[in-house]
1. Ordering GLU123, GLU380 from largest to smallest accessible area (1.4 angstrom probe), what's the sequence?
2. If you take the charge dipole of region 660-809 about its Cα centre, with +1 on Lys and Arg Cβ and -1 on Asp and Glu Cβ, which of GLY746, PHE699, HIS759 is farthest toward its positive end?
3. Which lysines does LYS382 reach when only Cα atoms under 24 Å apart count, and residues fewer than 8 places away in its own chain are ignored?
4. Report LEU332's accessible area, 1.4 Å probe, all protein chains in place, as a number in Å² to the nearest 10.
5. Taking a ≥ b ≥ c as the square roots of the eigenvalues of the Cα gyration tensor of region 375-504, is the shape rounded (a/c under 1.5), prolate (a/b larger than b/c) or oblate?
6. Give me the accessible area of ILE340, 1.4 Å probe, in Å² rounded to the nearest 10.
7. Using a ≥ b ≥ c from the Cα gyration tensor of region 709-809 (square roots of the eigenvalues), is it rounded, prolate or oblate, where a/c under 1.5 gives rounded and otherwise the larger of a/b and b/c decides, a/b for prolate?
8. What does the charge count near ARG502 come to, summing +1 for each Lys or Arg and -1 for each Asp or Glu among other residues with Cβ under 12 Å from its Cβ?
Amino acid sequence: MKVLKFGGSSVGNSERIRTVKKIIASEPIPLVLVVSALQGVTDTLKNICETAAAHDAGYRSGLSDLINKHHTVCRELLEGDSLKSALSKIDTIFQDLGETLSGLYLLRELSKYSLDKALSTGERVSSIIISAFFENSLLVDAREIIKTDNSFGNANVDFEITNALIRKKLQKKNKLLIVPGFISSTSGNEPTTLGRGGSDYTAAIIAAAVNAEILEIWTDTDGFMTADPRKVDKAYAISSLTYSEAIELSHFGAKVIYTPTLRPVYKKLIPVLVRNSFNPDAKGTLISDKSSNGSRSPIKGISSIDRIDLITLQGPSMVGVTGTSMRLFGSLAKRNVNIILITQASSEYSITFAVNPPDTRKAVESINQEFEREITFKKELKIVIERDLSIIAIVGERMKNTPGISATLFRSLGQNGINVIATAQGSSELNISVVIRNESLKKALNVIHDGFFLSKNKELHLFLAGTGFVGSSLIAQLNKQSETLLKEHNLNINLLGITNSRKMLLENKPISLESCKEVLNTKGEKSDIDVFISKITKLNLRNSVFIDCTADARVATTYLEALQKYVSVVTASKIACSSEYSYYHLLKSIASERGVRFMYETTVGAGLPIIKTIQDLVVSGDKILKIEAVLSGTLNFIFNTLGPDMPLSKTIRIAKEKGISEPDPRIDLSGIDVVRKILILSREAGYKIEKEDVVVNRFLPEECFEGSLESFYKKVREYDDEFEEQRKALVEQDKKWRFFASMDRGKARVELISVDSSHPTFDLEGSNNIVLLTTERYRELPMVIKGYGAGADVTAAGVFADIMRVVNV
């Protein structure tokens, strides 16, 4: 004989009940079918009872809606005499319920007995409807076969009496036996319930009593999952579990099956198969005494309890004193406080345990009462309460004697900035439990899942600031390369946020790279970079990267918050790294402490590997003595482009239109851009210098930089002829202009110089850059780095490369 249980979602309406009929059509008779109340009915009944007890006449409309719901299902499934008979039976039950509610309304009191009596309505009514719809069926009232004590709300089963009644009533019946779940009764026939999720328990009790060949639990998921699929997108169904593994996962929050369900079948070694009535073709999860694992992972699953409170009893009077634990947990047991997790310091200075938040107050009261002398008078003990916490448990029998499990768990959490508040592991090594802040739960589950269930693909979550030349080019490059990254490198690029100076948009699901700018314009809200960063950190996603493709000083001030919240930063903006040395140093230090990346290669030389080269030289023990460089692709482009028909003012405009210069070209022409670059390189070389320490010789008068951008262009035109005369003179001498930056043992300067053909920068074309590094190892012949050093596409490519370095940490 098989026992099948169908939960509330599986019998939620007439269509679902028809599906159940199809599922069991091929099952051999006799067959026991345990059914729950229609979906949502138990919660509705509880709310109606509470409303009535609050002396709120609104309970009547709630009752009326509930009756109509069941009448509708009856009429959709039944007809003729079957319909009349079913309606008559359920109306009698609802009439009884109405009288109970009327009593609650008058007395303004809701006892556990009255609540159990009312809650039993759901299963009683659903079983009548389902029994009438299924041919050759026999309805068996669970209250007649499952006997309990009078612990209303969560009654304890008297198995000796119950087993005898079940065998007498169900065995040798060649029919489809319909049994309402969840409900039971005392020896005096008072209605009781088996606790929320009790329909699973009903089915298990019956399966054990009749020695069923298998117990099938039909629900709305494909079985036990490797993690909660609502929080972990990559979670998948587990093919098999042992009883111990299933009990551990259920205890720590996996709501697939009611925890007590497994006790009766475990004793009889009756296998349990968890199936999905919404996806009957799925194989489900088989729970038995046989351990098997098709996965290479040593763990079977990750379970979590969303909200718990942590209570710690600590103080010197606990050290070396026997009986303290007995007193503590004995006092809690007297108040029916359920303990979820226990951990104790080896010094015996403290004991910590987790409880559900509703139990916290009575737990503290019981401890204060039991340890009044030590807490109040001797002041040697105190109670510490921590709230808004969650528990995560990793479970698997293969964890036993497998080294590195804890290391993988704590490394996954630590690298993503998730602090472990408490931990517990039994000697059986069946599970390791950690307590963390509730706000980090989703992120923690995902990083642990990635750590143990090695996913083929790695997720990278990007948040982009700036949709100008560089930002737009980066988007295009990401879009073009995304398919290749996924196919060849198993890297999935997810753009979850985008902002510019006008609008911002953050989504929980990836934004299309192809249309992200259009989506930003249509769906975006008013831009606020502080709010944007705050929302990124609140999303709390692993592998998050904030990308700055702006030249906005306000954006640069947000890097610290991002890095502190374990978000890597990739920037093309020089502002942060060329600001006060203390801020630059702080950003690098925080990134190192948090284990995230602060990448800024493109701040100097666009896509050229200048900063990385200097860092490699320094970390390998070399010392940078001198840096000589043409660092402004913009100025090099301008001075290489000047000619009889290309005056200075026109060349500057062309550089801006091509995206070679900064959005405000005055930053380039004033030398500020080059100052920032030589400052960054000097700092990377190990020199602690400030912007004010750099000597600047400008080639345009100060007055040119005063006023608006249009005013700047107008003033520069006044110098077109002068620059043309100087250019002709240089050509006659076979010389060229170069805006040169240098740093010699910590002394930096930038200036416009003329060079002849013997100088390394003479043949520098277009907007190319060149950097010469003189070091202790490269004294006679400096190391030369040369190449295209400006332009949106090249800069975006450098940013792209930095993003790839983040993910390859």
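The values are calculated or read from the model by the stated rules, or taken from the named source; none is laboratory data. This one's a predicted model, so the numbers in the text were calculated from it and none came from an experiment. So basically every Cβ, Gly included, is an ideal-geometry build from the backbone, and we count neighbours across all protein chains shown. Ligands, DNA and RNA are stripped out before the accessible areas are found, and what is left, the full protein with its side chains, is counted by its heavy atoms. Shrake-Rupley method; radii C 1.70, N 1.55, O 1.52, S 1.80 Å.
1. The ranking, largest first, comes out as GLU380, GLU123.
2. Going by the Cα projections, it comes out as GLY746.
3. Result set, ordered by chain and number: LYS334, LYS362.
4. It works out to around 0 Å².
5. Values: a/c = 4.79, a/b = 1.71, b/c = 2.81.
Verdict is oblate for region 375-504.
6. 20 Å²
7. On the way: a/c = 2.25, a/b = 1.34, b/c = 1.69.
In terms of gyration-tensor shape, oblate.
8. Details: positive: LYS503, LYS517, LYS526; negative: GLU525, ASP528.
Result for the local shell: +1.
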